[in-house]
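The values are calculated or read from the model by the stated rules, or taken from the named source; none is laboratory data. This is a predicted model, so every value here is computed, not measured. Neighbour counts run over all protein chains shown; Cβ positions are idealised from the backbone, glycine included. Side chains are part of the model used for accessible areas, which takes the heavy atoms of the whole protein and leaves out ligands, DNA and RNA. Shrake-Rupley method; radii C 1.70, N 1.55, O 1.52, S 1.80 Å.
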Amino acid sequence: MAIPTLSPADAKAVLSKGATLIDIRDADEHTREAIAGALNRPLAQIANQPLPAGPVIFHCRSGMRTRDNTALLQAAVGDAPCYLLEGGIDGWRACGLETIVDRHQPLEIMRQVQLAAGTLILFGVSLGWLVDPAFILLSAFVGAGLIFAGVTGWCGMARLLRHLPWNRTSA
């Protein structure tokens, strides 16, 4: 059974009647920007964490993650009514509804991977063109790493970036 979607305005009305908003994004994404009152239950852990009783509205960044995982989300709520927020947090913001933004938090890990990979590829191509063609191997190595990450779901660059000082949580 498909989970119905709610526009941000309709979702706000359902929330005012007691529904719970569940953010399925990873914790680093939720920490940087969130909808007030949303509970963070990352998709990878949603089956292991109890959800509040009553109607639930799931959201992600754009709505794609929630749409792609409807079976998992439906199983997590059981018989309780559930909905998907149309357009995710991006749709919420686009409708003029407020979010809580903490710019002091680091960028999400995947955005950091995109920035690092793009920089390394551009750097390797530039050095290969200007200095020595062997520097093209840097770009090839990064490209191969991205392909490996896409195929396996394991990203070495993301694991490395998580250990950098700005991504460490203070104790």
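Quick rundown of the values:
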| quantity | calculated |
| --- | --- |
| Residue 154 accessible area, assembled protein chains, probe 1.4 Å, Å² | 130 Å² |
| Within the range 74-171: Cβ-based charge dipole about Cα centre, in debye rounded to nearest 20 (Lys, Arg +1; Asp, Glu -1) | 360 debye |
| The range 1-105: relative contact order in percent, alpha carbon pairs under 8 Å with at least 6 residues between | 37 percent |
| Accessible surface of the range 6-120, 1.4 Å probe, proportion on carbon and sulfur as whole % | 54 percent |
| Charge tally in the Cβ shell below 14 Å around residue 59, where Lys, Arg are +1 and Asp, Glu are -1, residue 59 excluded | -1 |
| Per residue accessible area in Å² of the chain, where ligands, DNA and RNA are left out and the probe is 1.4 Å | 61 Å² |
| Mean projected area in nm² (Cα convex hull; one quarter of hull surface) for the chain | 12.4 nm² |
| Dipole of the range 76-156, positive direction: furthest Cα of 149, 138, 96, with charges on the beta-carbon | 138 |
| Contact order relative to length of the range 24-171, as percent, for alpha carbon pairs under 8 angstrom and 6 or more apart | 21 percent |
| Residue-level accessible surface for residue 20, protein heavy atoms, 1.4 Å, Å² | 30 Å² |
| Simple spin-label estimate for residue 36 and residue 127 in nanometres, 7 Å along Cα-Cβ | 4.9 nm |
